[in-house]
Amino acid sequence: MKQKLIAGNWKMNGSLAANAALLGGIQHGLAQAFNGRKAQVAVCVPAAYLSQVQQITQGSGIELGSQDVSAQEQGAYTGEISCAMLKDFGVRYAIVGHSERRQYHAETDALVAAKAQRALAAGITPIVCVGETLAEREAGKTEEVVKRQLAAVIHANGHCISEIVVAYEPVWAIGTGKTATPEQAQAVHAVLRAQLKAATEHSDRVQILYGGSMNAANAAELLAQADIDGGLIGGAALKSADFLTIIAAAAR
Ligand code: PEP
């Protein structure tokens with residue numbers, strides 16, 4: 001059975017001092033507990049801190065992730081960060097298509113697919129975010145929206161699709177304290193799993209994470225669902241005790 005993945009998305013939070021304290025707490029907790037039970041753990045940090053976090057986490061088993069990556073290889077793209085640059089810092093994961101990027105930076109399905117493609121080609125695992133807004137859910141369009149978003153990535157990536165991680169993040173649950181119920185989340189995860197199954201014979205390999213106000217109190221129930229293979233954690237990833245509780249719920 002595949003291990004679950006718990007990935008923290010720090011968003012635009014942190015400082016040299018705060019990062020060191022947070023990672024110290026997480027590493028201390030990971031060394032103490034779990035009795036051989038295991039989950040994969042990653043932190044997706046602001047680009048400015050990749051070097052710091054790489055140094056602190058080296059050899060700890062905590063994987064490093066970025067919160068975005070350019071769809072371009074290199075060149076005159078001011079402000080962008082390439083896969084090769086991320087590789088220089090040992091980055092294993094890159095979040096692509098987070099709803100905050102789709103909303104505030106007008107990222108399209110096609111751009112998200114191109115970013116995923118660029119990451120895969122470089123040996124970085126894209127964590128592809130999909131999810132509906134509240135208006136889309138209320139209009140009964142949840143399935144249509146997440147399938148459209150994932151289809152673009154499947155179309156661009158062909159058989160490599162089994163190498164991605166998917167994160168189902170209902171937009172109305174991100175940073176709002178409103179979590180999808182385990183049943184609501186599982187229903188969408190099952191839809192995504194079926195879509196992956198139609199695209200690759202290795203669909204079972206793909207980890208489908210839930211994200212959207214997952215926290216220390218609700219993680220166990222969400223992670224117990226058949227098609228929930230981990231979590232993408234925002235706010236609760238900034239408190240070591242909460243992050244550790246979520247990791248413990250995922251470990252087996
Ligand atoms: C996220 O940013 O991906 C996220 C899930 O945030 P939060 O856990 O704070 O809702």
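The numbers here are math on the coordinates, done by the rules we state, and not lab data. Nothing here was measured: the structure is a model prediction, and the numbers come from that model. A quick note on method: Cβ atoms are made from the backbone with ideal geometry, for glycine too, and the neighbour counts reach across all protein chains shown.
Observations
- In order through segment 168-176: 3J(HN,Hα) via Karplus (6.51 cos²θ - 1.76 cosθ + 1.60), integer Hz, x for Gly, Pro: 8, 10, x, 4, 5, 9, 7, x, 9
- When the P(r) of segment 4-251 is calculated, the portion above 21 Å amounts to 54% of the C-alpha pairs.
- Cross-link reach is defined here as a Cα-Cα straight distance under 15 Å, omitting same-chain residues fewer than 8 places apart; for residue 197 the aspartates and glutamates meeting it are 163, 227.
- Close amide H partners of residue 41, meaning residues 5 or more places away or on another chain with modelled amide H under 5 Å apart, are 6, 63.
- 222 nm mean residue ellipticity, helices alone, for the chain (DSSP H n ≥ 4; -39,500 (n - 2.57); rounded to 500): -12500 deg cm²/dmol
- Per-residue HN-Hα couplings for segment 186-193 [Karplus 6.51, -1.76, 1.60; θ = phi - 60°; Hz; x = Gly/Pro]: 4, 4, 6, 4, 5, 4, 5, 4
- Cα lying deepest toward the dipole's positive end in the chain, options 246, 160, 8, charges on Cβ: 246
- Dipole check for the chain: with +1 at the C-beta of Lys and Arg, -1 at the C-beta of Asp and Glu, and the Cα centre as origin, the magnitude is about 440 Debye.
- Per-residue extension of 0.36 nm, minus the Cα-Cα distance of residue 252 and residue 32, leaves a gain of 77.7 nm for this segment.
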